[in-house]
1. Just give me the residues in the range 197-207 being modelled with pLDDT under 95 and assigned to a strand (DSSP E or B), in sequence order.
2. Of the residues A91, A77, which is modelled with pLDDT under 95, crowded, with 22+ Cβ neighbours inside 10 Å and either among the aromatic types (F, W, Y) or part of a helix (DSSP H, G or I) (or both)?
3. Can you tell me which residues in the range 184-211 are small (G, A, S) and either crowded, with 19+ Cβ neighbours inside 10 Å or free of Cβ contacts under 8 Å to residues at least 60 places away in the same chain (or both)?
4. Does at least one position in the range 218-234 carry a residue that is touching a Phe, Trp or Tyr at 6+ places or on another chain (Cβ under 6 Å), β-branched (V, I, T) and within 16 Å of I115 (Cβ to Cβ)?
5. Against the conditions (1) surrounded by fewer than 22 Cβ atoms within 10 Å (Cβ to Cβ); (2) assigned to a strand (DSSP E or B), where does L4 fall short? Just the number, please.
6. Given the residues D82, D110, which is the only one that is in a loop (DSSP other than H, G, I, E, B), on the phi < 0 side of the Ramachandran plot and at pLDDT below 95?
7. Starting from the range 64-87, take each residue that is without any contact (Cβ under 8 Å) to a residue 24 or more places away in the chain and list its partners that are aliphatic (A, V, I, L, M), counting only C-beta distances under 9 angstrom and pairs at least six apart or across chains.
8. Scan the range 72-84 for residues that are touching a Leu at 6+ places or on another chain (Cβ under 6 Å) and farther than 27 Å from M1 by Cα and jot them down.
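The values are calculated or read from the model by the stated rules, or taken from the named source; none is laboratory data. Treat the numbers as computed from the prediction; the structure is a model and nothing was measured. Every residue, glycine among them, receives a Cβ derived from its backbone with ideal geometry; neighbour counts consider all protein chains shown.
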Amino acid sequence: MNILVVGGAGYIGSMLTPRLLENGHKVHVVDILRYKQKPLLDLCHRPDFDFTMGDFRDTKLIESLLPKYDFVIMLAALVGMDMCDKYPHEAQSTNADAVRHLIASDKLSDSQGLIYPCSNSGYGVGQKNEFCTEETPLKPVSLYGRTKIEAEKLILDRGNSISLRLATVFGASPCMRTGLLVNDFVLQALRDRAIPVFQSHFMRNYIHILDVVSAFILSVDKFFEMKGNAFNVGLSDANLSKRQLCDQIKKYIDFEIVEVEYKTDPDQRNYIVSNKKIEAMGFVPKHSIDDGIRELIKAYRINRISYYYW
(Lines give C-alpha, C1' and ligand atoms only; values in the text may rest on other atoms or scores of the structure.)
Protein backbone atom coordinates (compact mmCIF):
# COMPACT_ATOMS: atom_id res chain seq x y z
CA MET A 1 0.00 0.00 0.00
CA ASN A 2 0.95 3.64 -0.44
CA ILE A 3 0.46 5.32 2.95
CA LEU A 4 0.54 9.00 3.88
CA VAL A 5 1.39 9.51 7.56
CA VAL A 6 0.65 13.06 8.69
CA GLY A 7 2.62 13.73 11.87
CA GLY A 8 4.78 10.70 11.19
CA ALA A 9 7.92 12.01 12.91
CA GLY A 10 6.35 12.38 16.37
CA TYR A 11 6.22 10.14 19.42
CA ILE A 12 4.11 7.42 17.79
CA GLY A 13 4.93 8.16 14.16
CA SER A 14 8.67 7.71 14.56
CA MET A 15 7.99 4.17 15.80
CA LEU A 16 5.17 3.40 13.34
CA THR A 17 6.87 4.57 10.13
CA PRO A 18 9.71 1.98 10.23
CA ARG A 19 7.21 -0.81 10.93
CA LEU A 20 5.07 0.16 7.95
CA LEU A 21 8.16 0.06 5.75
CA GLU A 22 9.21 -3.30 7.19
CA ASN A 23 5.77 -4.63 6.23
CA GLY A 24 6.32 -3.69 2.59
CA HIS A 25 4.35 -0.45 2.39
CA LYS A 26 5.53 2.78 0.76
CA VAL A 27 5.37 5.62 3.27
CA HIS A 28 5.37 9.39 2.86
CA VAL A 29 5.63 11.35 6.12
CA VAL A 30 4.46 14.93 6.50
CA ASP A 31 5.54 16.60 9.73
CA ILE A 32 6.17 20.14 10.96
CA LEU A 33 9.00 18.93 13.25
CA ARG A 34 7.66 21.10 16.05
CA TYR A 35 10.11 19.66 18.57
CA LYS A 36 13.16 19.91 16.24
CA GLN A 37 13.30 16.12 16.24
CA LYS A 38 15.18 14.17 13.56
CA PRO A 39 14.08 10.58 14.21
CA LEU A 40 13.72 9.34 10.62
CA LEU A 41 17.22 10.00 9.27
CA ASP A 42 18.03 6.29 9.18
CA LEU A 43 15.16 5.77 6.70
CA CYS A 44 16.28 8.33 4.13
CA HIS A 45 18.28 5.79 2.12
CA ARG A 46 15.11 3.84 1.37
CA PRO A 47 13.37 4.47 -1.96
CA ASP A 48 10.03 3.46 -0.40
CA PHE A 49 10.25 6.34 2.14
CA ASP A 50 9.72 10.05 1.51
CA PHE A 51 9.38 13.10 3.73
CA THR A 52 7.83 16.55 3.39
CA MET A 53 8.20 19.29 5.96
CA GLY A 54 4.70 20.67 6.39
CA ASP A 55 1.75 21.48 8.60
CA PHE A 56 -1.44 19.41 8.69
CA ARG A 57 -3.35 22.69 8.49
CA ASP A 58 -1.74 23.56 5.14
CA THR A 59 -4.75 22.58 3.02
CA LYS A 60 -3.02 23.07 -0.33
CA LEU A 61 -0.08 20.88 0.67
CA ILE A 62 -2.22 18.05 2.03
CA GLU A 63 -4.59 18.15 -0.96
CA SER A 64 -1.64 18.00 -3.37
CA LEU A 65 -0.54 14.73 -1.76
CA LEU A 66 -3.87 13.01 -1.09
CA PRO A 67 -4.62 11.44 -4.50
CA LYS A 68 -1.42 9.33 -4.42
CA TYR A 69 -2.23 7.24 -1.36
CA ASP A 70 -4.38 4.25 -0.40
CA PHE A 71 -4.39 5.17 3.29
CA VAL A 72 -3.98 8.33 5.34
CA ILE A 73 -2.90 7.94 8.97
CA MET A 74 -3.54 11.19 10.85
CA LEU A 75 -1.16 11.44 13.79
CA ALA A 76 -0.67 15.22 13.65
CA ALA A 77 -2.13 16.86 16.76
CA LEU A 78 -1.44 18.93 19.82
CA VAL A 79 -1.50 16.15 22.37
CA GLY A 80 -2.34 16.31 26.04
CA MET A 81 -4.35 18.58 28.30
CA ASP A 82 -1.47 20.93 29.20
CA MET A 83 -0.40 21.58 25.61
CA CYS A 84 -3.96 22.18 24.41
CA ASP A 85 -4.76 24.52 27.30
CA LYS A 86 -1.58 26.48 26.58
CA TYR A 87 -2.34 26.82 22.84
CA PRO A 88 -6.14 26.51 22.57
CA HIS A 89 -6.55 28.03 19.09
CA GLU A 90 -3.80 25.86 17.66
CA ALA A 91 -5.32 22.82 19.35
CA GLN A 92 -8.71 23.45 17.75
CA SER A 93 -7.28 24.21 14.32
CA THR A 94 -4.93 21.20 14.28
CA ASN A 95 -6.87 18.55 16.19
CA ALA A 96 -10.34 19.18 14.72
CA ASP A 97 -10.50 21.81 11.98
CA ALA A 98 -7.72 20.26 9.88
CA VAL A 99 -9.52 16.91 10.03
CA ARG A 100 -12.75 18.59 8.89
CA HIS A 101 -10.98 20.20 5.93
CA LEU A 102 -9.36 16.91 4.91
CA ILE A 103 -12.63 14.99 4.96
CA ALA A 104 -14.44 17.74 3.05
CA SER A 105 -11.75 17.89 0.37
CA ASP A 106 -12.72 16.76 -3.13
CA LYS A 107 -9.16 15.37 -3.39
CA LEU A 108 -10.03 12.63 -0.89
CA SER A 109 -11.87 9.80 -2.62
CA ASP A 110 -14.37 7.51 -0.95
CA SER A 111 -12.06 4.55 -1.59
CA GLN A 112 -9.18 5.95 0.45
CA GLY A 113 -8.95 4.61 3.99
CA LEU A 114 -8.44 6.85 7.01
CA ILE A 115 -6.96 5.64 10.29
CA TYR A 116 -7.18 8.02 13.22
CA PRO A 117 -5.72 7.87 16.74
CA CYS A 118 -8.29 9.20 19.15
CA SER A 119 -7.92 9.07 22.93
CA ASN A 120 -9.92 7.20 25.51
CA SER A 121 -9.72 10.42 27.55
CA GLY A 122 -13.09 11.12 25.93
CA TYR A 123 -14.70 8.89 28.56
CA GLY A 124 -13.95 11.58 31.15
CA VAL A 125 -15.27 10.37 34.50
CA GLY A 126 -16.55 6.82 34.34
CA GLN A 127 -18.93 4.95 36.60
CA LYS A 128 -17.21 3.19 39.49
CA ASN A 129 -16.36 -0.46 38.70
CA GLU A 130 -17.97 -0.19 35.24
CA PHE A 131 -15.82 -0.69 32.16
CA CYS A 132 -16.04 1.91 29.40
CA THR A 133 -16.78 0.24 26.07
CA GLU A 134 -16.97 1.82 22.64
CA GLU A 135 -20.72 2.34 23.29
CA THR A 136 -20.17 4.27 26.54
CA PRO A 137 -21.27 7.92 26.22
CA LEU A 138 -18.35 10.27 25.68
CA LYS A 139 -17.90 13.03 28.28
CA PRO A 140 -14.47 14.61 27.75
CA VAL A 141 -13.29 16.86 30.58
CA SER A 142 -10.56 18.78 28.70
CA LEU A 143 -10.09 20.78 25.51
CA TYR A 144 -7.80 18.02 24.30
CA GLY A 145 -10.50 15.40 24.79
CA ARG A 146 -13.17 17.57 23.18
CA THR A 147 -11.13 18.28 20.03
CA LYS A 148 -10.21 14.63 19.61
CA ILE A 149 -13.83 13.49 20.00
CA GLU A 150 -14.98 16.17 17.57
CA ALA A 151 -12.51 14.85 14.99
CA GLU A 152 -13.43 11.23 15.68
CA LYS A 153 -17.10 11.90 14.92
CA LEU A 154 -16.12 13.40 11.57
CA ILE A 155 -13.94 10.39 10.84
CA LEU A 156 -16.56 7.79 11.71
CA ASP A 157 -19.40 9.63 9.96
CA ARG A 158 -17.34 9.41 6.77
CA GLY A 159 -17.55 5.62 6.87
CA ASN A 160 -14.35 4.32 5.28
CA SER A 161 -12.35 4.99 8.43
CA ILE A 162 -11.13 3.53 11.72
CA SER A 163 -10.65 5.32 15.04
CA LEU A 164 -8.28 3.88 17.64
CA ARG A 165 -9.10 5.18 21.13
CA LEU A 166 -5.68 4.92 22.69
CA ALA A 167 -5.12 4.36 26.39
CA THR A 168 -2.36 6.38 28.06
CA VAL A 169 0.71 5.42 26.04
CA PHE A 170 4.09 4.65 27.62
CA GLY A 171 7.54 3.62 26.45
CA ALA A 172 10.60 5.08 24.75
CA SER A 173 10.61 6.67 21.31
CA PRO A 174 13.11 8.66 19.20
CA CYS A 175 10.73 11.62 19.65
CA MET A 176 10.26 11.16 23.37
CA ARG A 177 7.28 12.44 25.35
CA THR A 178 7.94 12.73 29.06
CA GLY A 179 4.55 14.18 30.00
CA LEU A 180 2.67 10.88 29.63
CA LEU A 181 1.86 9.49 33.06
CA VAL A 182 4.07 6.37 33.16
CA ASN A 183 6.93 8.14 31.37
CA ASP A 184 6.58 11.13 33.71
CA PHE A 185 6.39 9.09 36.92
CA VAL A 186 9.47 7.03 36.03
CA LEU A 187 11.43 10.19 35.21
CA GLN A 188 10.41 11.86 38.50
CA ALA A 189 11.29 8.72 40.47
CA LEU A 190 14.77 8.61 38.94
CA ARG A 191 15.48 12.33 39.01
CA ASP A 192 13.78 13.52 42.19
CA ARG A 193 13.44 10.29 44.17
CA ALA A 194 9.89 11.41 44.93
CA ILE A 195 6.57 11.57 43.09
CA PRO A 196 3.81 13.94 44.25
CA VAL A 197 0.49 12.22 43.52
CA PHE A 198 -2.83 14.05 43.27
CA GLN A 199 -6.02 11.99 43.84
CA SER A 200 -4.09 8.75 43.79
CA HIS A 201 -7.25 6.65 43.50
CA PHE A 202 -8.00 7.95 39.98
CA MET A 203 -7.92 5.12 37.45
CA ARG A 204 -6.63 4.92 33.87
CA ASN A 205 -5.79 2.32 31.27
CA TYR A 206 -2.31 2.07 29.71
CA ILE A 207 -0.67 0.74 26.54
CA HIS A 208 2.95 0.39 25.36
CA ILE A 209 3.92 2.37 22.28
CA LEU A 210 4.99 -0.79 20.41
CA ASP A 211 1.54 -2.25 20.99
CA VAL A 212 0.02 0.98 19.67
CA VAL A 213 2.10 0.48 16.54
CA SER A 214 0.78 -3.08 16.28
CA ALA A 215 -2.79 -1.76 16.50
CA PHE A 216 -2.13 0.51 13.51
CA ILE A 217 -0.59 -2.38 11.57
CA LEU A 218 -3.65 -4.51 12.38
CA SER A 219 -5.91 -1.68 11.18
CA VAL A 220 -4.13 -1.59 7.82
CA ASP A 221 -4.10 -5.37 7.45
CA LYS A 222 -7.76 -5.83 8.48
CA PHE A 223 -9.10 -2.50 7.32
CA PHE A 224 -12.18 -3.83 5.55
CA GLU A 225 -13.20 -5.88 8.60
CA MET A 226 -12.64 -3.01 11.02
CA LYS A 227 -13.72 0.09 9.07
CA GLY A 228 -16.56 2.23 10.35
CA ASN A 229 -15.69 1.50 13.97
CA ALA A 230 -13.93 2.90 17.00
CA PHE A 231 -11.73 0.55 19.04
CA ASN A 232 -10.36 0.96 22.54
CA VAL A 233 -6.64 0.12 22.49
CA GLY A 234 -5.15 -0.71 25.89
CA LEU A 235 -3.79 -3.40 28.18
CA SER A 236 -6.71 -5.22 29.71
CA ASP A 237 -4.65 -6.08 32.80
CA ALA A 238 -3.50 -2.47 33.24
CA ASN A 239 -6.54 -0.58 34.50
CA LEU A 240 -4.57 0.95 37.36
CA SER A 241 -4.91 3.76 39.85
CA LYS A 242 -2.08 6.27 40.05
CA ARG A 243 -1.12 4.75 43.43
CA GLN A 244 -0.99 1.26 41.89
CA LEU A 245 1.21 2.61 39.10
CA CYS A 246 3.59 4.09 41.68
CA ASP A 247 3.71 0.75 43.48
CA GLN A 248 4.72 -0.92 40.20
CA ILE A 249 7.53 1.59 39.70
CA LYS A 250 8.76 1.06 43.29
CA LYS A 251 9.67 -2.50 42.34
CA TYR A 252 12.52 -1.02 40.27
CA ILE A 253 13.34 2.40 41.77
CA ASP A 254 13.67 3.53 45.39
CA PHE A 255 11.62 6.71 45.83
CA GLU A 256 8.97 8.32 48.03
CA ILE A 257 5.29 8.53 47.10
CA VAL A 258 3.97 11.88 48.34
CA GLU A 259 0.18 11.89 48.59
CA VAL A 260 -0.97 15.47 47.93
CA GLU A 261 -4.21 16.04 49.83
CA TYR A 262 -4.63 19.81 49.52
CA LYS A 263 -4.85 19.97 45.71
CA THR A 264 -6.86 18.26 43.01
CA ASP A 265 -5.46 16.94 39.76
CA PRO A 266 -6.17 19.39 36.90
CA ASP A 267 -6.84 16.33 34.72
CA GLN A 268 -9.98 14.82 36.24
CA ARG A 269 -10.08 11.69 34.06
CA ASN A 270 -11.04 8.63 36.08
CA TYR A 271 -12.25 5.45 34.37
CA ILE A 272 -11.53 1.83 33.53
CA VAL A 273 -11.68 0.53 29.97
CA SER A 274 -12.64 -2.67 28.16
CA ASN A 275 -10.48 -3.59 25.15
CA LYS A 276 -12.44 -6.70 24.17
CA LYS A 277 -13.60 -5.31 20.83
CA ILE A 278 -10.13 -4.97 19.32
CA GLU A 279 -8.96 -8.16 21.03
CA ALA A 280 -11.72 -9.97 19.11
CA MET A 281 -10.01 -8.74 15.92
CA GLY A 282 -6.81 -10.53 16.95
CA PHE A 283 -5.05 -7.75 18.83
CA VAL A 284 -2.70 -9.19 21.46
CA PRO A 285 -0.52 -6.68 23.38
CA LYS A 286 2.97 -7.99 24.10
CA HIS A 287 4.44 -5.37 26.43
CA SER A 288 3.54 -4.97 30.11
CA ILE A 289 3.78 -2.01 32.45
CA ASP A 290 6.86 -3.67 33.97
CA ASP A 291 8.47 -3.97 30.54
CA GLY A 292 7.90 -0.27 30.00
CA ILE A 293 9.35 0.75 33.36
CA ARG A 294 12.55 -1.24 32.75
CA GLU A 295 12.81 0.22 29.25
CA LEU A 296 12.28 3.79 30.43
CA ILE A 297 14.99 3.48 33.09
CA LYS A 298 17.49 2.62 30.34
CA ALA A 299 16.16 5.35 28.04
CA TYR A 300 16.55 8.04 30.69
CA ARG A 301 20.11 6.90 31.39
CA ILE A 302 20.97 7.40 27.72
CA ASN A 303 19.48 10.90 27.57
CA ARG A 304 20.31 11.83 31.13
CA ILE A 305 21.90 15.25 30.51
CA SER A 306 21.27 16.43 26.98
CA TYR A 307 17.52 15.93 26.70
CA TYR A 308 15.89 15.74 30.12
CA TYR A 309 18.04 18.34 31.98
CA TRP A 310 18.73 15.83 34.70
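1. Here is the first cut: in the range 197-207, the residues modelled with pLDDT under 95 are 197-204.
Within the range 197-207, V197, F198, M203, R204 meet the criteria.
2. Values: A77 fails: either among the aromatic types (F, W, Y) or part of a helix (DSSP H, G or I) (or both).
Of the residues listed, the single one that is modelled with pLDDT under 95, crowded, with 22+ Cβ neighbours inside 10 Å and either among the aromatic types (F, W, Y) or part of a helix (DSSP H, G or I) (or both) is A91.
3. A189, S200
4. no
5. (1)
6. Exactly one of D82, D110 is in a loop (DSSP other than H, G, I, E, B), on the phi < 0 side of the Ramachandran plot and at pLDDT below 95, namely D110.
7. K86/L78; Y87/L78
8. Matches in the range 72-84: C84 only.
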